[in-house]
Amino acid sequence: QAKARGRGTHCVFEAAMDVHLRARLEMELDLSQALAKGQLELAYQPIFAVASGRLCGFEALLRWNHPRRGLIDPAAFVPLAEESRAIVEIGAWAMRRAMADAAGFPEHLRFAINLSPIQIGVGDIVATVRDALADTGVAPGRIELEITETALFAQDQPNFEILHGLRQAGVRIVLDDFGTGYSSLARLRLLPLDKIKIDRSFVHDAGSQSSSEAIIEAIAALAARLGMATTAEGIETQGQWEMVRRARCTEAQGFLLGRPCSAREAAALAAAAAAPPAFTGCTPAGLP
Ligand code: C2E
Ligand code: MG
Ligand code: MG
Ligand code: MG
């Protein structure tokens with residue numbers, strides 16, 4: 001009897017596995033065609049200079065407009081694209097798209113593009129970047145490539161040659177999600193990094209744990225001493241914005257300051273930020 005029940009459970013388990021596997025294979029197939037079918041888009045999230053409060057750039061974030069499932073966030077498909085290596089082609093497309101868009105924005109605005117470790121490990125990423133820069137005509141100094149700490153140390157030893165190659169191409173290198181891996185700034189100081197993005201988990205905890213605020217302050221101060229800028233991610237409240245100001249982070253990004261939006265909305269934001277206020281004596285309705 002136990003055997004029979006065991007077999008029954010097994011069947012249910014197998015059926016569940018089957019559904020899961022099918023869904024996954026279907027996603028993988030859909031994803032392999034997403035680019036060709038024009039279903040991939042970039043959203044742009046504004047980034048602000050902390051000291052002045054001014055718009056200083058945007059981060060390009062992938063979105064998948066799935067015909068049946070609707071808009072899908074990268075967390076749900078980038079890992080799949082990495083496993084199937086589709087991220088190499090998708091990432092190259094995103095890079096070109098972002099650079100082409102950046103070329104149409106005011107010169108002082110920088111554009112950040114996320115790089116997957118797979119893109120760094122497969123093919124010639126330096127050539128891909130150089131080609132995209134040349135074809136879009138964007139000034140390389142306006143482009144920031146974001147690489148996560150875990151990606152950087154994927155093969156034990158960070159690939160110095162590639163990082164220096166990217167730097168030579170004129171782009172900036174930003175360490176993304178700092179604090180989620182195991183490196184210390186002391187270890188990272190040997191890498192050619194321009195900026196460090198402090199993971200939003202620290203920003204989130206800073207309201208309730210004073211130790212998190214102390215950590216953000218220490219990272220910002222040490223980064224500055226090492227000649228690197230810092231961006232605080234995930235600013236959702238006024239209190240968090242005030243905290244990153246106190247901590248003297250260089251830049252800030254988060255839903256409070258601006259959500260990811262379309263290229264068109266980003267352009268409107270840039271135009272509004274560039275326009276001088278009509279009157280200095282009064283505040284237009286609706287603005288703080
Ligand atoms: P990330 O590079 O750390 O990007 C920031 C993520 O935090 C974005 O999520 C953004 O929407 C979200 N975010 C921004 N402000 C706030 C906030 O105030 N609160 C909260 N809770 N979240 C905030 P998104 O767009 O879902 O992207 C998730 C991750 O997917 C990115 O994390 C990045 O690692 C990856 N990704 C996005 N686009 C690309 C891409 O083109 N290539 C690669 N390889 N990875 C990408
Ligand atoms: Mg990023
Ligand atoms: Mg990040
Ligand atoms: Mg992240």
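Select the helices (runs of 4 or more DSSP H) contained entirely in the stretch 117-195, then report the ones holding at least 1 residues which are hydroxyl-bearing (Ser, Thr, Tyr).
Correct list: 125-136, 149-152.
Kindly provide the set of residues from the stretch 107-148 that are within 13 Å of ligand 1 (Cβ to nearest atom), open to solvent by 30 Å² or more (accessible area, probe 1.4 Å) and modelled with pLDDT under 95, ordered by number.
If the condition is that a residue be within 13 Å of ligand 1 (Cβ to nearest atom), open to solvent by 30 Å² or more (accessible area, probe 1.4 Å) and modelled with pLDDT under 95, then PRO117, ILE118, GLY121, VAL122, THR148 are the ones that fit.
Please go through (1) within 16 Å of ligand 2 (Cβ to nearest atom); (2) part of a helix (DSSP H, G or I); (3) not acidic (Asp, Glu) for PHE255 and return the number of the only condition it doesn't satisfy.
(2)
Can you list residue pairs whose Cβ atoms sit under 6 Å apart, with the first residue in the stretch 225-239 being acidic (Asp, Glu) and the second being away from ligand 1 (no atom under 16 Å from the Cβ) and not in a strand (DSSP E or B)? Count only pairs 6 or more apart in sequence or on different chains.
Pairs found: none.
Can you list residue pairs whose Cβ atoms sit under 8 Å apart, with the first residue in the stretch 167-196 being on the phi < 0 side of the Ramachandran plot and more than 15 Å from ligand 1 (Cβ to nearest atom) and the second being assigned to a loop (DSSP other than H, G, I, E, B) and open to solvent by 60 Å² or more (accessible area, probe 1.4 Å)? Count only pairs 6 or more apart in sequence or on different chains.
Pairs found: LEU185/LEU226; ARG189/LEU226.
Anything in the stretch 49-75 that is open to solvent by 30 Å² or more (accessible area, probe 1.4 Å) and either assigned to a loop (DSSP other than H, G, I, E, B) or within 16 Å of ligand 2 (Cβ to nearest atom) (or both)? List them, or say none.
Residues satisfying the conditions are ALA51, SER52, GLY53, ARG54, LEU61, ARG63, PRO67, ARG68, ARG69, ASP73, PRO74, ALA75.
Would a scan of the stretch 149-163 turn up a residue that is touching a helix residue (DSSP H, G or I) at 6+ places or on another chain (Cβ under 9 Å), open to solvent by less than 40 Å² (accessible area, probe 1.4 Å) and at pLDDT 95 or above?
no
Might you check whether a residue that is in a strand (DSSP E or B), open to solvent by less than 40 Å² (accessible area, probe 1.4 Å) and modelled with pLDDT of 95 or more occurs anywhere in the stretch 33-41?
Within the stretch 33-41, one or more residues are in a strand (DSSP E or B), open to solvent by less than 40 Å² (accessible area, probe 1.4 Å) and modelled with pLDDT of 95 or more.
Please state which of the following conditions GLY239 fails to meet, knowing it meets all the rest: (1) open to solvent by 60 Å² or more (accessible area, probe 1.4 Å); (2) not in a loop (DSSP other than H, G, I, E, B).
GLY239 satisfies every listed condition except (1).
Within the bounds of the stretch 207-220, is there any residue that is outside any helix (DSSP H, G or I), within 16 Å of ligand 4 (Cβ to nearest atom) and either of a type in the set (A, V, I, L, M, F, W, C) or touching a residue at least 12 places away in the same chain (Cβ under 8 Å) (or both)?
Scanning the stretch 207-220, I find no residue that is outside any helix (DSSP H, G or I), within 16 Å of ligand 4 (Cβ to nearest atom) and either of a type in the set (A, V, I, L, M, F, W, C) or touching a residue at least 12 places away in the same chain (Cβ under 8 Å) (or both), so the answer is no.
Looking at ARG189, ARG245, ARG167, ARG225, which one is open to solvent by 70 Å² or more (accessible area, probe 1.4 Å) and within 18 Å of CYS56 (Cα to Cα)?
ARG245
List the number of the failed condition for GLY181; all other conditions in (1) within 16 Å of ligand 3 (Cβ to nearest atom); (2) surrounded by fewer than 17 Cβ atoms within 10 Å (Cβ to Cβ); (3) over 18 Å from SER116 (Cα atoms) hold.
With (1) within 16 Å of ligand 3 (Cβ to nearest atom); (2) surrounded by fewer than 17 Cβ atoms within 10 Å (Cβ to Cβ); (3) over 18 Å from SER116 (Cα atoms) applied to GLY181, the lone miss is (3).
Name the residue, out of ARG110, ARG96, ARG142, that is touching a Lys or Arg at 6+ places or on another chain (Cβ under 6 Å) and within 19 Å of LEU62 (Cβ to Cβ).
ARG110
Take GLU26 and tell me if it is over 15 Å from the mean Cα position of the chain (by Cα), open to solvent by 50 Å² or more (accessible area, probe 1.4 Å), within 13 Å of ligand 1 (Cβ to nearest atom) and of a type outside the set (Lys, Arg).
no
Between SER201, SER210, which is more than 18 Å from the chain's Cα centre (by Cα) and among the hydroxyl-bearing types (Ser, Thr, Tyr)?
One residue alone meets the criteria, SER210.
The values are calculated or read from the model by the stated rules, or taken from the named source; none is laboratory data. Computed from a prediction, not measured in an experiment: that's the story for all the values here. A quick note on method: Cβ atoms are made from the backbone with ideal geometry, for glycine too, and the neighbour counts reach across all protein chains shown. To get the accessible areas, we keep the full protein, side chains included, count just its heavy atoms, and leave off ligands, DNA and RNA. Shrake-Rupley method; radii C 1.70, N 1.55, O 1.52, S 1.80 Å.
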